[in-house]
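Comments concern the structure below.
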Amino acid sequence: MWGAIASIILRNRIVILLILLALTVFMGWQASQIELSYQFVKPLPKDDQAMVDYNSFKKMFGEDGNVMVIGFQDSNLFELPKFNGLFDLGKDIKKISGIKEVLSVANIYNIIKNDSVKKFEFKQLLKEKPVSQNELDSLKKIILSLPFYEGLVINKDYATLMLITFDDKKLNSRDRIEIVETIKEKAETFSAKHHIVLHYSGLPYIRTQFMKTVSNEMFFFMFLAIGVAALVLFIFFRSFRVVGYSLVVVVIGLIWSLGTIHLFGYQITILSGMIPPLITVIGLPNCIFFTNKYQDEIRRHGNKMRALSMMVRKVGLSNFLANITTAIGFGVFYFTNSSLLVEFGLVAAINVMASYFVALIFLTIILSFLPVPSLKKRNHLSGKLINAVINKINFLVHNRRTAIYIVVTIITIAGGLGMFNIKKIGYVVDDLPKKDPIYTDLRFFEKNFKGVLPFEVLIDTKKTKGVFTNDAKALYKIKMLQKTVNADTAFSRPLSVVEALRFAYQAYNNGKPKFYQLPPPLELNKMKEYISTVSGKESKFKAFLDSTMRYTRVSFQMADVGSVRIKEIVNDLQPKIDSIFNPKEYNVSITGQCLVFLKGNDYLFHHLFISLLVAIGLIFLVGIVLFRSVLIIVLSKIPCLIPLVVTAGIMGYFNIPFKISTILVFSIAYGLSSDGTIYILTEYKQQLNKGSGKDSIFNTVKEVGLSMIYTNIILFFGFAIFTLSSFGGMVAMGILISITLISALCTNLLMLPSLLLSLEKRANTKKMLKDAIDFEAKDEESNYEQL
């Protein structure tokens, strides 16, 4: 079959080359339209209960993570120039298109009781800047007498916040980046003028900075991967020609990967942004194997067309199966049912196979046009160093198998013990370095305001106007809920309809701070006409109550405590909430972007583990198709699994936790590790037809060892470039996959041949292997004449 494929390609090379060019142009056009994703990353599937609750919440109350915060601490906050500067900053930001509201100590609202019309009026405390320090001092007394704002925009240590609410449509569009940049520019002007250090946070800001970094790093790593690949290829082959056509294959694969993302209607996320540099790295082994085989055939007989035919026949199948295993390593992410991973896995798997076919077709055609490489360009095949390494490998396999088994066993046991130390934890910003401004600023807000990550409680009273009954039953339960949640120091003070009523009751009693409390039922009845303006109709509080007064929310801000702690908090809170709100009378759910994100870690861990098992099973089936021998395939999986155990051990010993980026390592690395197994087994099958098992092992290592070493070195450096990422998870992934690949190279070149050689000692092994061969080797000369 592969001889026929070579014949078809060479006979129709012009037409096929034009088709390849047309497809690349089309994919380039698709790639030019690609966009960044501005949506919040949702690791959970839509039918997960946490996502169902969150989507129900958003449908009623809109986005919860739509507030950007600017904070600073200054004991001289109420000095006239600084205060007025803050006032101007708030006004300037409010004018920006896409900003709904700005709340700060210089731009707050007070509730005034209007007895003539029996209603509460929300009035801005400051319509104009104070003109004197005395006027500001009077305003300061009023501001500090409003407990509603304590811990919300100012604390006792004069740390203060500016809360900037985004329009939902702008929040999830590319306009968000420009808005955040404009806000930051205006804020930095204020900072420079008044010599104040500002801190920025909130999900709009964090998401914007993340996506800017993802965009910048995607292009940085694409060009870096190409540069590293070119350098390593030149070191190996000492040929600009080989580097040139290999880079053409890589660039075509890169263009196709970007085009596929847009063609499928996807956008660039933190994961899909990794695909182009990954395809750049993963596509190179095809070029290496095809080039080495072609040059080896040229060295043997010097006939170009025969060499191309043998290149496709001998390398085509093994590389096809190797790319299948790599694609499986990515493709199994489809079974996670998480849109984030489904998109990543599907696009990566398709483009792994696309890169293989591009390499097969393009190299066969381009090499047919290029002159035969000179003897000097083929010297690397007989290099003293590389041949000494391969001879040493063969010596160890044939003479030191016991030592190999002992060393591998010890390393595996050590890795297995380290596995038990791995922790499963994730943070919203844990992928950032500890010195990154986003990280340090978040710690400022956690220290002074308990954090800025949204944590929501949605309450369904199951009846219209159930929030405001005559006995105020629901309101007092909400008060108990708030007290229960605030018993944990991870939470800020809440915002809710109860807090609004406390504020209103203070206004009802002429602004006296001691009346900042939930009024008793009798007092609430007296305030009924006044309350109508804070019970859902007034724009300042309608975000906490639906129009039917059946649903309400209690909003907290919390620290980035991690997925383990949030799980403990929810498990502790749920029974307490159920004791306050009888489940027969109320439906109460805990939700919010923060909870959805962190719960996603547990979900992904479980499903990525399942996807790894699926990958092992599918690659096992590929092996069965190739050899029809369960024993050999089972034993051949040992060299693929041992590197994973070693990598897991390293994670445990060096305290690298399981999270989205590090869990990805195992499926990807297993697929790549299986490539070496495929190369060895495929060549071993062919060698069995020529001699004894012992000679077959020797020739197999000699035949594919060089290309495997070249390939794994390039993959090692290709993944090692991710250590330059700003994201800690990317750095860990780059290091771990690089280590896994080197481990896999050692086990595939030492452990696997040793196992096959040990099997040869069994009396019936050779017969079993030959019976398993599903094709007979055709005479090379005959195939050449036919071509």
ask   = Taking Cα centroids, how far is region 645-672 from region 465-483 in Å?
value = 48
note = Relative to the chain, whose Cα atoms define the longest principal axis, helix 2-11 and its Cα axis are tilted in degrees, nearest 10, by 80
query = Among the aspartates and glutamates, which have Cα under 19 Å from the Cα of residue 127 when same-chain residues fewer than 8 positions away are ignored?
reply = 79, 88, 92, 101, 135, 137
ask   = How would 135, 178, 63, 568 rank on accessible area, largest to smallest, probe 1.4 Å?
value = 178, 568, 135, 63
query = So, with +1 on the Cβ of K and R and -1 on the Cβ of D and E, and no other charges, what is the size of the charge dipole of the chain about its Cα centre, to the nearest 20 debye?
reply = 640
inquiry  = Rounded to the nearest percent, how much of the accessible area of region 68-140 (1.4 Å probe, protein heavy atoms only) is carbon and sulfur?
reply    = 46
Accessible surface ranking that places the most exposed of 211, 60 first, with a 1.4 angstrom probe = 60, 211
task = Positive end of the charge dipole of the chain (Lys, Arg +1 and Asp, Glu -1 on Cβ, about the Cα centre): tell me which of 720, 77, 454 has its Cα farthest that way.
result = 720
request  = State in Å² the accessible area per residue of the chain; use a 1.4 Å probe, count heavy atoms of protein chains only, and round to the nearest integer.
outcome  = 41
ask   = Per-residue HN-Hα couplings for region 460-475, Karplus 6.51 cos²θ - 1.76 cosθ + 1.60 at θ = phi - 60°, whole Hz, x for Gly and Pro?
value = 10, 7, 6, 7, 4, 6, x, 6, 10, 9, 4, 8, 6, 4, 5, 5
task = Order the following by accessible area, largest value first: 199, 606. Probe radius 1.4 Å; ligands, DNA and RNA are ignored.
result = 606, 199
ask   = Using the per-residue mean of other Cβ atoms lying within 10 Å as a proxy for protection, in what order, highest first, do the peptides 502-511, 331-340 fall?
value = 331-340, 502-511
query = Which of the residue pairs 129/169; 59/512; 184/567; 156/526; 91/170 have a Cα-Cα distance greater than 27 Å in the structure shown?
reply = 129/169; 59/512; 184/567; 156/526
inquiry  = Within 14 Å, Cβ to Cβ, of residue 186, how many net charges do the neighbouring residues add up to if Lys/Arg are +1 and Asp/Glu are -1?
reply    = -1
ask   = Shape call for region 387-439 from the C-alpha gyration tensor, a ≥ b ≥ c root eigenvalues: rounded (a/c under 1.5), prolate (a/b greater than b/c) or oblate?
value = oblate
note = Tilt, helix 80-94 to longest principal axis of the chain (alpha-carbon atoms), in degrees rounded to tens, equals 60
query = So for the chain, taking the charge dipole from beta-carbon charges (+1 Lys/Arg, -1 Asp/Glu), which of 707, 347, 335 sits furthest toward the positive end?
reply = 707
remark   = Calculating Cα extents along the principal axes in Å from this structure picks out, from [x] 87, 82, 62; [y] 92, 72, 51; [z] 107, 50, 42, entry [z]
key: Accessible-area value, residue 15, 1.4 Å probe, nucleic acids and ligands omitted, Å²   = 90
query = To the nearest 0.05, how large is the calculated FRET efficiency for residue 231 and residue 471 if R₀ is 60 Å and r is the Cβ-Cβ distance?
reply = 0.20
key: Cα centroid of region 131-185 to Cα centroid of region 1-36, whole Å   = 57
inquiry  = On a full-extension model of 0.36 nm per residue, what is the gain between residue 240 and residue 366, subtracting their alpha-carbon distance, rounded to one decimal in nm?
reply    = 43.9 nm
key: Label-point gap, in nm, between residue 88 and residue 417 - each point 7 angstrom along Cα→Cβ   = 6.7
query = With charges set only on the Cβ (+1 for Lys and Arg, -1 for Asp and Glu), what does the dipole of region 573-727 come to about its Cα centre, in debye to the nearest 20?
reply = 220
inquiry  = Nearest 500 deg cm²/dmol is fine: what mean residue ellipticity at 222 nm does the chain get from its DSSP H runs of n ≥ 4 alone, each adding -39,500 (n - 2.57), divided by its residue count?
reply    = -21500 deg cm²/dmol
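The values are calculated or read from the model by the stated rules, or taken from the named source; none is laboratory data. Keep in mind that what you see is a predicted model, and the values were worked out from it rather than measured. Here the Cβ is made from the backbone with ideal geometry for all residues, glycine too, and neighbour counts use every protein chain on show. These accessible areas exclude ligands, DNA and RNA; they are computed on the full protein's heavy atoms, side chains included. Shrake-Rupley method; radii C 1.70, N 1.55, O 1.52, S 1.80 Å.
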